[in-house]
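First the structure, in the form of structure tokens, and then the observations on it.
Every number here is computed from the coordinates shown, using simple stated rules; none is lab data. This is a predicted model, so every value here is computed, not measured. Glycine also receives a Cβ, built like all others from the backbone with ideal geometry; neighbour counts cover every protein chain displayed.
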Ligand code: AMP
């Protein structure tokens, strides 16, 4: 399957080629024809599946083809995203895919001065990418009108509701024209999402890709048993023994992220912590540095890492394991994007063994347990259960079926 087979117009195909996209990803293959035909789409897909292009390409193509019939000025497509990072990434994707189309787009989000944003809006734009809070603000001040919108995309709808944006989203939707085409994207479908989709979509086509554990297949995963006090020394060893181009390291706390960052800098590795205590500017700078490879390592908490999207992230390192097993799958899904392979390395201290068992239950195979050659721990690793001692996983080893895995160890957080 090629983009030409999907009837994508030549200038967009060329722009995609420049980005190195050779063939459409499954979500693109499934969603693009329906969106080009004018249907509403209800897509269940996570970040990392190529869903941005799945909605951006048809919007660009339809706006480009209809440019001659354009009667009124005004915003023609609105994309809502939950976070600034995601909104900026979507905007960058629109820039990448729209080279030569002469369509204007901009992105607006909170936490920064609104003046540069309103200056661009005044000049007139075709496509607006926005986070809900800033959009409502600018609507209330009269800088944005939505009555000319023809295409509406709600991206990561479940995360938006999670973040408490439901009232804002409803206010925004109320200002959109009744006649429009809508794309609704979510990773999960809790009841409120279903209700919102039902109220918004008109006879939608359902498009599903990649169940939650699918990306794990593409990632080369391993775990080192290492006690808390030894983790920093172990991290140094990992950097010495592995070829790490770019890594995203996960810690449980902001404080932990800062500590790990300091240690890495001490041993000469360019690293930046990215978390909620950092200003928007500092976060942007860190992300930019990571993208242009002047920074090798980002250290983040789960919350801060949401929306970080970098091409070809070679390693994900779990300095601490997450307590919610699904979070592990989300974390390692940051590497091995769009068919590339990637590496995920985890550190597991004695008190994290319960989390590791829960994670293994979620995966098709248990994570391979490895030992670092020559690593001398300060703290002696406690005696392991026999199933955990082997260095290579047994084929189809399913920890849920093995001894000593009582329900009591399941520490899933609500
Ligand atoms: P997304 O799920 O939209 O965040 O996209 C995930 C990553 O896949 C991004 O880095 C995109 O640049 C990349 N990507 C999207 N579509 C394709 C494609 N057809 N071929 C190769 N890479 C792609």
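Rg to Rh for the stretch 140-190: what is it, with Cα atoms only and Rh by Kirkwood? Provide the component values of the computation, followed by the final result.
Values: Rg = 11.9 Å, Rh = 12.0 Å.
That ratio is 0.99, to two decimals.
Expressed in nm to one decimal, what extension gain is obtained for the pair residue 259 and residue 99 from 0.36 nm per residue of sequence separation less their Cα-Cα distance?
The residue 259-residue 99 span can extend by a further 53.4 nm.
So how long is each side of the stretch 224-302 along the principal axes, counting just the alpha-carbon atoms, biggest first, in Å?
Principal-axis extents of the Cα atoms in the stretch 224-302, largest first: 36, 25, 20 Å.
How far is the Cα center of the stretch 1-39 from the Cα center of the stretch 180-205, in Å?
For the stretch 1-39 versus the stretch 180-205, the Cα centre distance is 23 Å.
Assuming R0 = 30 Å, what is the FRET efficiency of residue 9 and residue 73, from their Cβ-Cβ distance, to the nearest 0.05?
0.80
Using just the Cα positions, wrap the stretch 4-80 in a convex hull and report its mean projected area in square nanometres, one decimal place.
Spelled out: convex hull of the Cα atoms, projected over all directions, averaged, 5.9 nm².
Give me the number: length gained by fully extending residue 324 to residue 266, i.e. 0.36 nm times residue separation minus the C-alpha to C-alpha distance, one decimal in nm.
Contour length minus Cα-Cα distance gives 17.7 nm.
So, in Å, what gap is there between the alpha-carbon centers of the stretch 228-265 and the stretch 121-142?
40
What are the principal axis extents of the Cα atoms in the stretch 4-208, in Å, biggest first?
Sorted from largest, the Cα extents of the stretch 4-208 read 43, 40, 30 Å.
Could you work out the mean projected area of the convex hull around the alpha carbons of the stretch 35-136, in square nanometres to one decimal?
Mean orientational projected area (the stretch 35-136, Cα hull): 7.1 nm².
On the Cα set of the stretch 133-272, report Rg and Dmax in Å, please.
22.4, 60
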